[in-house]
Structures are given as structure tokens and as C-alpha cells.
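Quick notes on the structure that follows.
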Amino acid sequence: MTTTAEPTQQPVQAPQAVPEVFHKTETAYALDRSGYTASGRLFFQHYLFKDVTGSVINPRILADLRASAGTVEGDIELKVADIGTGNSAWAQDVARGAGVAGFKFDVHGFDISDEQFPPSHILPSNLKLGIADALVTPPEELRGTFDIVHVAQFACVRPLHEDPGAAIDHALALLKPGGWLQWDEWARDTNNHVGMTKLSPAPRCEWALGVSSKVFPEWLIESNLANHLTKHGFTEATQFKFEPRDDQLPACTMLWFLTGDEIVRFGYEEPTKSLFLEALGGAFNETRDASIRAMFKTATSSVVGKKPASG
């Protein structure tokens, strides 16, 4: 079981420079699967993402599939795959209708580990969970069977390094011709930065954000993932970026700390781990200081792409 980092009680001097060498663990997934805080973060992450974007399935996808069905009346049945489903928060939301009228969803959640799967008896009858590796070619019986494939938060899947191509090819193989991929991540600008609001200088927050810009892969930068989708055969690849409202910034900030703490504890070894935890504690203090009140403006991003009808 895991615990979250306690804020340091004394002011912490921000380091002068972000280190060039980080001491990583050997784990292929730099987050936790076994602790209650990790699963809780996933639920929090899903519902905050939904609140910021205003939807669970991108409206462009549903509009195109509705048009392809050639009808504006009656329920359209769609088969959906959630890749890297984790605790199935997104998959459960879709299976229960996702607040979308006019569609029925048959949902399949896949993950390389079942550690976070909820008890099967509480799942909707139209949701099935199973084990699958998103970085290899899917089995024959699953290829070309889904109308929508969803991928989310693969930034900490280390085997991807700087090329998400293996996961993109996996998703493309799962889709029917004319089907859609939706890939959700926290968006970053062209410098791989997260935005910040503050009342006065916040050097420890600045340093912590500088560290995060080194930790996450370059393919998260604006438009890079859309370009990767096009390179691997998708058409109409588009990034939709959603800026959080001011009232959502406290939740965005806390999610940033929860995720950062989890990455540090499970993804890094000493002396990097202690350095990062100290940085998180100092940055947290600046978010609580009434004269600074720093908050992180972590925008959300959905990159969508369509499998060619002849594919």
C-alpha cells in the first residue's frame, strides 16, 4: 500500500539546475498497480478529465459513426475497446452510457495486468475485462472488430520510449475499417511544459515543472501524437486540447502532485527519488502559501484518428 508525500515543513531551496541523469527503476510501467492510492488516482483522473473535456467519447467520433450508420433515429450499437484499462473507470462509464443518447456500447477493457480490475460481479453486463499486451499484435479473433479504440495516459509506459508506434499499430489492428482511435493524455506545449498560475514567484514549482518536462516523452508535445497517427496509417488525425477553467485548477494541481508522487516512488531509485520527493514537498508548500498560491494548469488532450475504410 502506498502513501502520498507529506509537504515539507521548512522552506526548501530549489536546486539551481535540473539534473541530467535520473536514476530509474527497471519497471516497464512507472506507476503503481497494487496500492489503493493508485486506483483512487485513476478514478479521480478519469472524472476530472471528463469534467474538463465535457465528454467521455469525443463528439467528432460519435458524429462520424452516426453518419456512417445512415440513420438519425434509434440506438446504434458500437463495439468499444479500452486499452490499458487499469481499474476500468473509463470503460465502466462508457458501458453505462457515458451520458450519450442514441448509442449502445459493448465494451471490452484490456490491460497487461489484472491487479486493478474491480470484482466482475459489480461490472455492467456489457463490459468484459481481460489481459492483453498493447505493444504486440493483437490475436486474430480481435482484429478488425471494434468501432472505437480508446487509449489513455500511456506516457509512463516506458517501453514506448520516444516512439508510441507499437501501441498505435495495436489499436489500428483492433479497429474495423472506418473505426476511430481516441488517445487521451495531459497536454503539453511545444516546450513540453505545463502551465502555471501564481500570485508571486514560485521557484520550487518552476523547478518541479522543469523536472516533469524531462520525465515525460517528447511525443506528448502538441501535435506530435497526431503526426504519429498519420505516419502509422490513420486519417483525419486531429488533436483536441481542452484548457481547464479556473475553478478546476485546484483539482488539476492535486492530480499533478498525486501522479508525480506515484511516478517518483515507483519509477525512480536513490538519490533521484529523495531529490524529487523533496522537490514535490517544496512545490506543494508554494501552492499552500497565501502569498504565492501557485496552481498547475494541466490542459487535457484527445487525439483522434480514423482507420481508412479500405484498411
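The values are calculated or read from the model by the stated rules, or taken from the named source; none is laboratory data. Keep in mind it's a predicted model, so treat the numbers as computed, not measured. We place every Cβ from the backbone using ideal geometry, glycine too, and count neighbours over all the protein chains shown. All accessible areas refer to the heavy atoms of the entire protein, side chains included, with ligands and DNA or RNA removed. Shrake-Rupley method; radii C 1.70, N 1.55, O 1.52, S 1.80 Å.
Summary of values
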read-out	value
Matching residues in segment 232-255 - criterion: being aliphatic (A, V, I, L, M) and under 15 Å from the mean Cα position of the chain (by Cα)	Leu255
Every pair of residues 6+ apart whose Cβ atoms lie under 7 Å, when the first sits in segment 255-278 and is touching a residue at least 40 places away in the same chain (Cβ under 8 Å) and farther than 18 Å from Val157 by Cβ while the second is aliphatic (A, V, I, L, M) and in a helix (DSSP H, G or I)	Leu255/Leu48; Phe257/Leu280; Asp261/Leu280; Lys273/Val264; Phe276/Val211; Phe276/Val264; Leu277/Val264
The one condition in (1) more than 30 Å from Asp147 (Cα to Cα); (2) free of Cβ contacts under 8 Å to residues at least 40 places away in the same chain; (3) crowded, with 16+ Cβ neighbours inside 10 Å that Asp247 fails to fulfil	(3)
Unique match (being free of Cβ contacts under 8 Å to residues at least 60 places away in the same chain and of a type in the set (Val, Ile, Thr)) among Val149, Val107	Val107
Which listed residue is in contact (Cβ under 8 Å) with a residue 24 or more places away in the chain, farther than 20 Å from Pro250 by Cα and small (Gly, Ala, Ser), from Ala30, Ala67	Ala30
Any hit, segment 44-57, residues being surrounded by fewer than 19 Cβ atoms within 10 Å (Cβ to Cβ) and over 18 Å from Asp184 (Cα atoms)	no
Within segment 208-236, considering residues that are not charged (D, E, K, R) and not in a helix (DSSP H, G or I), the one nearest to Arg60 (Cα to Cα)	Thr235
Residue list for segment 129-151, restricted to those being over 19 Å from the mean Cα position of the chain (by Cα), part of a loop (DSSP other than H, G, I, E, B) and aliphatic (A, V, I, L, M)	Val136
Residue in segment 253-275 that is of a type outside the set (Asp, Glu), in contact with a Pro (Cβ under 7 Å, 6 or more places away or on another chain), in a helix (DSSP H, G or I) and modelled with pLDDT of 95 or more present	no
Where Thr287 falls short, out of the listed (1) crowded, with 21+ Cβ neighbours inside 10 Å; (2) out of contact with any Asp or Glu (no Cβ under 9 Å at 6 or more places or on another chain); (3) under 27 Å from Glu26 (Cα atoms)	(3)
Matching helices (runs of 4 or more DSSP H) fully within segment 11-96 where at least 1 residues are in contact with a Pro (Cβ under 8 Å, 6 or more places away or on another chain) and at pLDDT 95 or above	36-53, 89-95
Odd one out for Asn192 among (1) open to solvent by less than 20 Å² (accessible area, probe 1.4 Å); (2) touching a strand residue (DSSP E or B) at 6+ places or on another chain (Cβ under 6 Å); (3) part of a helix (DSSP H, G or I)	(3)
Number of the condition not met by Leu258 [criteria: (1) open to solvent by 20 Å² or more (accessible area, probe 1.4 Å); (2) closer than 24 Å to Val21 by Cα; (3) more than 17 Å from the chain's Cα centre (by Cα)]	(3)
Positions within segment 70-85 being open to solvent by less than 20 Å² (accessible area, probe 1.4 Å), in contact (Cβ under 8 Å) with a residue 60 or more places away in the chain and within 19 Å of the chain's Cα centre (by Cα), in sequence order	Val80, Ala81, Asp82, Ile83
Test: His228 is under 14 Å from Ser301 (Cβ atoms), modelled with pLDDT of 90 or more, touching a helix residue (DSSP H, G or I) at 6+ places or on another chain (Cβ under 7 Å) and open to solvent by 10 Å² or more (accessible area, probe 1.4 Å)	yes
Output for segment 97-128, where each listed residue is part of a strand (DSSP E or B), in contact with a helix residue (DSSP H, G or I) (Cβ under 8 Å, 6 or more places away or on another chain) and either under 20 Å from Pro59 (Cβ atoms) or among the charged types (D, E, K, R) (or both)	Phe103, Phe105, Val107
